[in-house]
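The values are calculated or read from the model by the stated rules, or taken from the named source; none is laboratory data. Quick caveat: nothing in here was measured; it's all calculated off a predicted structure. Using ideal geometry, Cβ is built from the backbone for each residue, glycine included, and neighbour counts are taken over all protein chains shown. With ligands, DNA and RNA removed, areas are computed over all heavy atoms of the protein, side chains included. Shrake-Rupley method; radii C 1.70, N 1.55, O 1.52, S 1.80 Å.
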Amino acid sequence: MYLEEEISETEIYGKVESIIKKGGYLLSMVCSDERALGEDFVIRYFFREEGIKVLKLRVESKFPSITSLCPAAKNYEREIRDMFGLVPEGHPDSRSLMLYPENWDPSIHPLRKDYDGKKPEFKKYGIYRYKEVFGEGINKVLVGPIHAGIIEPGHFRFSLAGEAILQLEIRHFWKHRGVEKVCEGKNPEEALRIVSRIYLGTTRSIYPSHT
């Protein structure tokens with residue numbers, strides 16, 4: 001059981017700061033498109049604080065980033081920007097986390113209810129800007145995204161000074177399957193059946209003995 005507290009944008013910083021000062025920490029952030037219910041978009045922040053505490057924030061097009069207070073929120077906020085088109089104001093990294101500009105139309109946000117699920121035209125829409133490290137003796141080692149194995153694609157870009165790693169850029173999520181969209185309108189049993197088959201198909205390819 002947990003209690004859900006609705007808050008405003010002006011309250012979010014104070015609430016999060018108070019939770020962190022008491023030793024609480026962020027478990028997850030979840031966004032949902034509830035416009036059909038008259039709720040606009042809703043972001044829920046799940047914190048561990050003597051149990052589970054949930055903060056509910058209604059959002060129209062943007063929301064305050066809490067990454068400066070709670071670094072664990074960084075990628076959750078980037079995912080919300082990709083999937084819903086909501087802008088986390090004050091976020092330190094404006095790049096896409098999941099829908100890369102090399103092959104995703106930036107106007108498409110897959111978890112909006114008005115997205116029809118059609119794949120964007122396969123073409124280059126933009127360029128992903130890597131963080132660069134400059135200086136004498138700096139080397140770069142690039143790995144992936146295609147690997148000589150059966151693991152999921154992932155690109156790793158190391159900036160090295162000798163053996164010291166000064167910067168590591170990691171890019172995952174090359175295979176966005178649209179599972180969430182497929183599960184829309186399904187009851188929990190139907191959705192679980194779909195998700196479990198995708199999960200088992202992945203784990204069996206990596207661990208053939210998995211049942």
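Of everything in segment 2-29 that's touching a residue at least 40 places away in the same chain (Cβ under 8 Å) and hydrophobic (A, V, I, L, M, F, W, C), which residue is surrounded by the fewest Cβ atoms within 10 Å (Cβ to Cβ)? Step by step, filter segment 2-29, then rank; the result is 3. Among what's in segment 126-154 and is of a type in the set (Val, Ile, Thr) and either touching a strand residue (DSSP E or B) at 6+ places or on another chain (Cβ under 7 Å) or surrounded by 10 or more Cβ atoms within 10 Å (Cβ to Cβ) (or both), pick the residue that is farthest from residue 96 (Cα to Cα). The residue in question is 138. Would you be able to say whether some residue in segment 112-120 is of a type outside the set (Phe, Trp, Tyr), closer than 23 Å to residue 41 by Cβ and not in a loop (DSSP other than H, G, I, E, B)? Looking for residues that are of a type outside the set (Phe, Trp, Tyr), closer than 23 Å to residue 41 by Cβ and not in a loop (DSSP other than H, G, I, E, B), one finds none in segment 112-120, hence no. In segment 66-97, what residues are touching a helix residue (DSSP H, G or I) at 6+ places or on another chain (Cβ under 9 Å), open to solvent by less than 60 Å² (accessible area, probe 1.4 Å) and assigned to a loop (DSSP other than H, G, I, E, B)? Answer for segment 66-97, where residues must be touching a helix residue (DSSP H, G or I) at 6+ places or on another chain (Cβ under 9 Å), open to solvent by less than 60 Å² (accessible area, probe 1.4 Å) and assigned to a loop (DSSP other than H, G, I, E, B): 66, 67, 69, 70, 86, 91, 93, 95, 96, 97.
For beta carbons closer than 9 Å, sequence separation of 6+ or different chains, a first residue in segment 100-125 that is without any contact (Cβ under 8 Å) to a residue 60 or more places away in the chain and open to solvent by 50 Å² or more (accessible area, probe 1.4 Å) and a second that is part of a loop (DSSP other than H, G, I, E, B) and of a type in the set (Lys, Arg), the qualifying pairs are 102/124. Scanning segment 37-60 for residues that are within 15 Å of residue 18 (Cβ to Cβ) and either in a loop (DSSP other than H, G, I, E, B) or open to solvent by 20 Å² or more (accessible area, probe 1.4 Å) (or both) yields 48, 49, 50, 53.
The criterion of being farther than 20 Å from residue 176 by Cβ, open to solvent by less than 20 Å² (accessible area, probe 1.4 Å) and not β-branched (Val, Ile, Thr) holds for residue 63. For segment 146-172, name all the residues that are part of a loop (DSSP other than H, G, I, E, B) and at pLDDT 85 or above. Listed by number, the residues that qualify are 154, 162, 163, 172.
For segment 1-17, the candidate set comprises residues that are of a type in the set (A, V, I, L, M, F, W, C) and touching a strand residue (DSSP E or B) at 6+ places or on another chain (Cβ under 6 Å); within that set, the residue that is nearest to residue 65 (Cα to Cα) is 12.
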